[in-house]
Amino acid sequence: MMPTARSVAKNTSFLLLGRVIAMGLGVFYFAALARYIHDTGLGKIATAMSIVSLLTLLMNFGLSQVIIRDVANDKARARSYVSNALFLRGVLSAVSIIALVIVTKITGYPADTILIIYIYAAAYIFDEITDVTFSIFSAFEKMEHITALQVFRDIINIVLSLWAIYLHASLITIVSISALASLVKLFGAWIVLRWKFIKPVFHLDLRLCRELIIAALPFAAMIALQAIHRKIDTIILSLNRPPSEVGWFSAGNTIIDYLLLLPSVFLQAIFPVFSRLYNSSKTSLQLAYSTSFKYLLLLGIPLCIGTLVSADKVITLVFGSGFEKAAVSLKISSFLLFWMFGFANGGLLNATGGQKLLAVYAAFAAFTNLLLALFLVPRYGYLGASVASVVPGMITFFPITLICHKKVSIGLPYAMMAKILISALCMGGATHFALKGDVSLFIAVFLIAPMVYMLCLLALHAIEKKDLDLFIGLVKGKGR
């Protein structure tokens with residue numbers, strides 16, 4: 001497993017480095033943007049992004065997962081998959097744009113919000129075309145190219161946007177910069193694809209297109225349902241409450257989305273590995289899944305509790321005055337971090353033919369979310385939207401986890417979960433008292449919290465010798 005572990009560690013490290021850079025720049029950018037456009041402007045952006053992300057789901061259609069899974073097992077498929085995936089993306093994008101125009105005509109949003117929607121739609125189209133190349137990079141387990149291009153795109157977006165803010169440009173101009181940055185990333189990705197991987201030959205194979213669409217259906221259903229689960233609250237809130245409330249809800253969700261970038265990076269690195277091990281070594285797959293599950297537990301539970309105790313100060317620091325009410329939304333939404341280990345579950349099921357089962361659970365979560373949002377948002381506004389987004393995960397995370405552990409023939413690690421929870425609670429208590437004692441947020445979060453958490457993990461033996469051996473082996477390069 002050491003070569004596999006080194007591959008995962010390398011890819012995760014590259015992706016994580018990129019996301020950490022993006023998170024740092026993004027937090028700084030959002031802090032400046034929120035102070036410039038205030039809660040109303042942020043609400044318009046959140047509304048536009050939610051509308052576009054839902055209506056452009058058709059562009060993706062789960063093709064990325066199929067490309068990664070199949071090309072990871074047979075690299076020779078890369079050339080034909082790229083050309084035909086591009087054709088499919090083009091057709092699906094055209095359909096999505098037609099649907100987007102129809103929706104904007106009937107929703108009654110203000111003219112400036114509709115224009116922002118169209119600009120973001122252009123950015124999403126660029127990103128979906130880029131994603132075809134990123135799928136090839138992932139299948140070849142060369143994530144460093146994804147990191148470099150994504151960081152390059154974020155730097156362009158943030159630097160030009162901050163310049164626009166400095167020049168007191170309009171919100172439309174700032175949003176347009178995002179589309180421009182995505183277009184630059186698209187050109188860069190295709191240069192890397194031709195230079196480092198393959199030179200695509202655009203040959204249309206209708207039989208392959210049909211096979212790709214059929215294979216992508218379960219992935220598409222799951223992605224659509226998950227997106228509905230994450231975005232429907234914002235849309236219903238925008239139709240029932242003023243943009244300022246959408247802005248408060250979006251502020252809390254932005255922090256959670258940034259924190260969820262961490263497990264998404266890991267999933268992006270581990271998914272092709274799960275796919276490869278499923279066809280080569282069930283024992284290695286078992287170890288890879290159990291280790292992934294444990295590490296995501298070690299990350300998600302303390303992030304949840306840490307966010308709960310520091311939400312007020314984090315919101316004030318990042319977004320400034322006018323967003324104080326967003327702290328309550330952030331506290332509620334922080335429970336989404338608790339079941340961060342669900343990323344390991346999703347990766348395993350997607351890689352082992354469990355897409356339909358995962359889609360069933362995603363459908364239940366999306367339907368429950370929708371019903372709760374329709375009931376709670378008109379009555380409780382952004383707080384109702386926060387509750388509606390969290391409850392479905394509380395219901396579904398345990399049965400999916402149980403199914404995945406049975407799939408690889410291992411038992412649930414109840415003792416380990418208890419140790420991690422106790423350690424995280426001790427960490428949360430220490431952080432709470434530190435903040436109450438006027439200790440700096442940075443010292444409390446980045447020094448006291450991790451130190452207390454690590455000491456508790458070691459005292460309770462939640463981190464074992466094999467974990468340390470694996471880490472040391474990765475660092476020294478053993479097992480190459």
Given (1) in contact with a Leu (Cβ under 8 Å, 6 or more places away or on another chain); (2) modelled with pLDDT under 75; (3) not hydrophobic (A, V, I, L, M, F, W, C), index of the condition residue 231 fails:
(2)
Give me the residue from the range 258-310 that is of a type in the set (Gly, Ala, Ser) and more than 12 Å from residue 348 (Cα to Cα) and, out of that set, modelled with the lowest pLDDT.
269
Looking only at residues that are in a loop (DSSP other than H, G, I, E, B) and in contact (Cβ under 8 Å) with a residue 24 or more places away in the chain in the range 298-327, which one is farthest from residue 35 (Cα to Cα)?
325
Please specify each residue of the range 125-153 satisfying the condition of being farther than 21 Å from residue 83 by Cβ and surrounded by 24 or more Cβ atoms within 10 Å (Cβ to Cβ).
143, 153
Could you figure out which of (1) assigned to a helix (DSSP H, G or I); (2) modelled with pLDDT under 90 isn't true of residue 191?
(2)
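One line per residue, one yes/no per condition, for (1) touching a Leu at 6+ places or on another chain (Cβ under 9 Å); (2) at pLDDT below 85; (3) among the polar types (S, T, N, Q):
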| position | (1), (2), (3) |
| --- | --- |
| 64 | no, yes, yes |
| 69 | no, yes, no |
| 74 | no, yes, no |
| 91 | no, no, no |
| 97 | yes, no, no |
| 108 | yes, yes, no |
| 116 | yes, no, no |
| 133 | yes, no, yes |
| 138 | no, yes, yes |
Only residues that are of a type in the set (S, T, N, Q) and either free of Cβ contacts under 8 Å to residues at least 60 places away in the same chain or assigned to a helix (DSSP H, G or I) (or both): list them for the range 51-74, please.
53, 60, 64, 65, 73
Across the range 75-126, what is the total count of residues that are of a type in the set (Gly, Ala, Ser), closer than 30 Å to residue 276 by Cα and without any contact (Cβ under 8 Å) to a residue 60 or more places away in the chain?
2
Yes/no for residue 289 being touching a His at 6+ places or on another chain (Cβ under 9 Å), in contact (Cβ under 8 Å) with a residue 60 or more places away in the chain and not small (Gly, Ala, Ser)
yes
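The values are calculated or read from the model by the stated rules, or taken from the named source; none is laboratory data. From a predicted model like this one, the values you see are computed outputs, not experimental measurements. Cβ atoms come from the backbone with ideal geometry, glycine included; neighbour counts cover every protein chain shown.
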